[in-house]
Amino acid sequence: MKFLLAKKVNMTQVFDDNGVVRAVTVLTTAPMTVVAVKDSERDGYKAAQVGFGTRREKRVSKAEKGHMKGALHRHLKEYRLEGDEAATVGDLIDSSIFKEGEKVIVAAISKGKGFQGVVKRHGFKGGRRSHGQKHSEREPGSIGGGGRAGGRVMAGMRMAGRMGGDRITVPNLKIVKILPETNEIMVSGAIPGRRGTLVEIRSK
């Protein structure tokens, strides 16, 4: 399985070969280093652990330095090795593993929106604006009562609460353009997260 880490930069638009404008998300990446390799006999599964990004030395503990062979990576992620795939500690993985036009699966953490009501969080239409209802435009309405659940609120009831900050996976996105000189990848459509969010790109 192909796997790459990147950071979200912004959205823009590009023209394809037919002159059609396409909305794309610009991602910036850098070569990842294989830090550790998991073995099926020793660890129970096959995987490669990769390091991405850098951070200041005083922010890295001695244990982390030893594990990363003295490197100062900001992010450590694992991806499974399938079949005869193999990896060696110290290998570098960059954007050349993907090709323009290839379909990929992208995962990232969505923007956190804090505590939100049911209208924004679940798309409720709210209460009526007439017949004496003064402050109920965005209220959720009835949540059940004794008739349906014996006086208890049913599990999974859609109510107000924390919104966003979830891991979102978007399949079937296409790599529109790869710019190796600037370490940028342009992926079709929108990708979850704010600017600077860590993004995982993997093959289908």
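For every residue, the table says whether it meets (1) surrounded by 13 or more Cβ atoms within 10 Å (Cβ to Cβ); (2) touching a Gly at 6+ places or on another chain (Cβ under 8 Å).
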residue	(1), (2)
ARG138	yes, yes
GLY156	no, no
LYS177	yes, no
GLY189	yes, no
VAL199	yes, yes
SER203	yes, no
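Can you tell me which residue is farthest from ARG194 (Cα to Cα) among those in the range 135-171 that are modelled with pLDDT of 80 or more and among the basic types (Lys, Arg)? Looking at the filtered set, the residue picked out is ARG152. Somewhere in the range 22-34, is a residue more than 21 Å from the chain's Cα centre (by Cα) and either surrounded by 21 or more Cβ atoms within 10 Å (Cβ to Cβ) or not assigned by TED's automatic domain parsing to the domain that holds ALA86 (or both)? Taking every residue of the range 22-34 in turn, at least one turns out to be more than 21 Å from the chain's Cα centre (by Cα) and either surrounded by 21 or more Cβ atoms within 10 Å (Cβ to Cβ) or not assigned by TED's automatic domain parsing to the domain that holds ALA86 (or both). The single condition among (1) more than 14 Å from the chain's Cα centre (by Cα); (2) surrounded by 11 or more Cβ atoms within 10 Å (Cβ to Cβ) that LEU4 does not satisfy is (1).
Number of residues in the range 169-191 that are more than 20 Å from LYS2 (Cβ to Cβ) and under 13 Å from the mean Cα position of the chain (by Cα): the value is 1. Scanning the range 97-133 for residues that are touching an Asp or Glu at 6+ places or on another chain (Cβ under 8 Å) and at pLDDT below 95 yields GLY126, GLY127, ARG129. Being in a loop (DSSP other than H, G, I, E, B), in contact with a strand residue (DSSP E or B) (Cβ under 8 Å, 6 or more places away or on another chain) and of a type in the set (A, V, I, L, M, F, W, C) is the filter here; which residues of the range 64-85 pass it? Correct list: MET68, ALA71, LEU81.
A single member of PRO192, PRO140 is touching a helix residue (DSSP H, G or I) at 6+ places or on another chain (Cβ under 7 Å) and either of a type in the set (D, E, K, R) or assigned to a loop (DSSP other than H, G, I, E, B) (or both), and it is PRO140.
The values are calculated or read from the model by the stated rules, or taken from the named source; none is laboratory data. Note that the structure is predicted; figures quoted are calculated from it, not measured. Cβ atoms come from the backbone with ideal geometry, glycine included; neighbour counts cover every protein chain shown.
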